[in-house]
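The values are calculated or read from the model by the stated rules, or taken from the named source; none is laboratory data. Everything quoted here is computed from the prediction, not taken from an experiment. Here the Cβ is made from the backbone with ideal geometry for all residues, glycine too, and neighbour counts use every protein chain on show. In case anyone asks, the SASA skips ligands and DNA or RNA and just uses the protein heavy atoms, side chains included. Shrake-Rupley method; radii C 1.70, N 1.55, O 1.52, S 1.80 Å.
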Amino acid sequence: MRESCGVFGVYAPGEDVARLTFFALFALQHRGQESAGIATTDGGRLQVYANMGLVSQVFDEDSLSQLAGDIAIGHNRYSTRGSSRLTNVQPIVVGRGSNSLALAHNGNIINAEHLHEELTNQGYTFRTSTDSEVIANLILSSPEKDWVDKIRYAMRRLQGAYSLTILTNHALFGVRGPLGVRPLCLGTIDGGWVIASESCALDHIGANFTREIEPGEVVSITENGVDSYREEIDQKAICIFEYIYFARPDSVINGRLLYSTRLAMGAGLAQEHPVEADLVMGVPDSATAAGIGYSRASDVPLGEGLLKNRYVGRTFIEPDQRIRDLGVKLKFNPLPQMLDGKRVVVIDDSIVRGTTTPKVVGLLRRAGAKEVHMRICAPPIRYPCFFGVDMATRWELIAAQKSVPEIRDFIGADSLGYLSIEGLIKAVALPREIFCTACFTGNYPIPVQLEMDKLALETKPAGRQ
Ligand code: SF4
């Protein structure tokens, strides 16, 4: 399962805004590893540099030094709509002269096809296959004069999930869609302002967290300071998976440090699915905190049974078949001395397709584990996500096809326990109605039937009803 992007923006006259953006994107690398880009303005024109690859692969001293200006936005991409290719990298720039903007988007627009057709009929041309370019052109197409009004016009037409940073020649904007699916926060840095997908990006560049940008809010930052405009919202649908997996544990969302939330998820699993065991471990890094929480709540000793190769991220070097066959061994190395003869409780964040978990269980058994008890911080994922997360189609989701005992047998574990929705909500410690939990329940915050029908037709294996 992959998240669909990290966005950042900085308004800081006199600072090296491109370099600040580079380091913020570095901190948001976990949200997207396909491409990275930065756009800046010196008040006269927008400049952009973007390419395929990790932040550290895309930028060097030379490219950063060409991005002069007082305002910048940046983007890390993992594609959910629009294929992974150079033309689809962000920030996207549209328009001309004073009527131009650069945009960085995290999320997924449900009615993008319809809007694309409408804008094409109005004479707008598209360079990419992304819904982000649809948003950018929709803003340009607005009959309003002022940028804030143009953005609010687009917000009234867009359906789906979006957190945006937008750059014009003289202003920076942060925009969070009315459902608030994807996070976005505001902070300050010496004499300036920053906007980021997650607060961890602020910490790394020495900025101070001010507050979260609210669902339906537009924050405008200009030489006159910061202004906020809010759309009326009917319902929030904050993605609960940000708490389980996507966001970094050192980020704060809705006033709660995610590390504490993940400790509580582990404690919830210990209460809901206790088991006699000698060792508890979290699959690094996303389930490390939950492993600690399980251990504390169960008195089963905590240990490390798998070490993660942290530098195994995306690479342009294609592995040959022999290396590909190594699978999870490329990522994890077991510690036989810790595992030999032990009954091990293994905490992981989620099971999506069920392709990785059997390999992890196999790795632990071959390293000597006597029993392997899997505990999962998320309830079973039975429905796909239409809001910016590349999970799988319904037919690929193992919990949509198999019962929990069948999944246990499939992954080769001695026992398997998922955290219940109630347990998850208790760990997050906020009212259930503000969250999207659609991938567990199928109750989407906005109608997605059209998309679902299309997806089913495209991917339903022959012979399945
Ligand atoms: S469907 Fe799941 S992953 Fe997608 S936004 Fe809702 S909670 Fe998040």
*Say whether the condition of being farther than 30 Å from L257 by Cβ, within 15 Å of the ligand (Cβ to nearest atom) and open to solvent by 50 Å² or more (accessible area, probe 1.4 Å) is met by at least one residue in the range 391-403.*
yes
_When you check Y259 against the structure, is it among the aromatic types (F, W, Y) and open to solvent by 10 Å² or more (accessible area, probe 1.4 Å), yes or no?_
yes
*asked:* What are the pairs with Cβ atoms under 8 angstrom where one residue, in the range 18-40, is within 21 Å of D250 (Cβ to Cβ) and in contact (Cβ under 8 Å) with a residue 40 or more places away in the chain and the other, located anywhere, is of a type in the set (D, E) and crowded, with 24+ Cβ neighbours inside 10 Å? Sequence gap at least six, or different chains.
replied: A27/E198; L28/E198; H30/E3; R31/E3; R31/E198; G32/E3
*asked:* Going residue by residue through the range 1-9, is there one that turns out to be of a type in the set (D, E) and buried (at least 20 other Cβ atoms within 10 Å of the Cβ)?
replied: yes
_Total residues in the range 175-194, condition touching a residue at least 60 places away in the same chain (Cβ under 8 Å), outside any strand (DSSP E or B) and open to solvent by 10 Å² or more (accessible area, probe 1.4 Å)_ = 3
_Criterion: open to solvent by less than 40 Å² (accessible area, probe 1.4 Å), modelled with pLDDT of 95 or more, basic (K, R) and away from the ligand (no atom under 16 Å from the Cβ) - qualifying residue of R408, R375_ = R375
*Six or more apart or on different chains, Cβ under 9 Å: which pairs go from a residue in the range 152-174 that's open to solvent by 10 Å² or more (accessible area, probe 1.4 Å) to one that's part of a helix (DSSP H, G or I) and polar (S, T, N, Q)? Could you list them?*
Y153/S141
*Some residue of the range 21-34 being open to solvent by less than 10 Å² (accessible area, probe 1.4 Å) and in a strand (DSSP E or B)*: no
*Report the residue count in the range 310-337 for those that are open to solvent by less than 70 Å² (accessible area, probe 1.4 Å) and either among the hydroxyl-bearing types (S, T, Y) or modelled with pLDDT of 85 or more (or both).*
4
*Return yes when P380 is surrounded by 16 or more Cβ atoms within 10 Å (Cβ to Cβ) and modelled with pLDDT under 95 and no when it is not.*
no
*Does L258 count as away from the ligand (no atom under 16 Å from the Cβ) and of a type outside the set (S, T, N, Q)?*
no
_For the structure I just gave you, tell me whether S197 is within 24 Å of I421 (Cβ to Cβ), within 16 Å of the ligand (Cβ to nearest atom) and surrounded by 20 or more Cβ atoms within 10 Å (Cβ to Cβ)._
no
_With within 30 Å of A201 (Cβ to Cβ), open to solvent by 50 Å² or more (accessible area, probe 1.4 Å) and either out of contact with any Asp or Glu (no Cβ under 9 Å at 6 or more places or on another chain) or assigned to a strand (DSSP E or B) (or both) as the only criterion, which of L307, L269 stands out?_
L307
*State yes or no: is S298 in contact (Cβ under 8 Å) with a residue 60 or more places away in the chain and surrounded by fewer than 24 Cβ atoms within 10 Å (Cβ to Cβ)?*
no
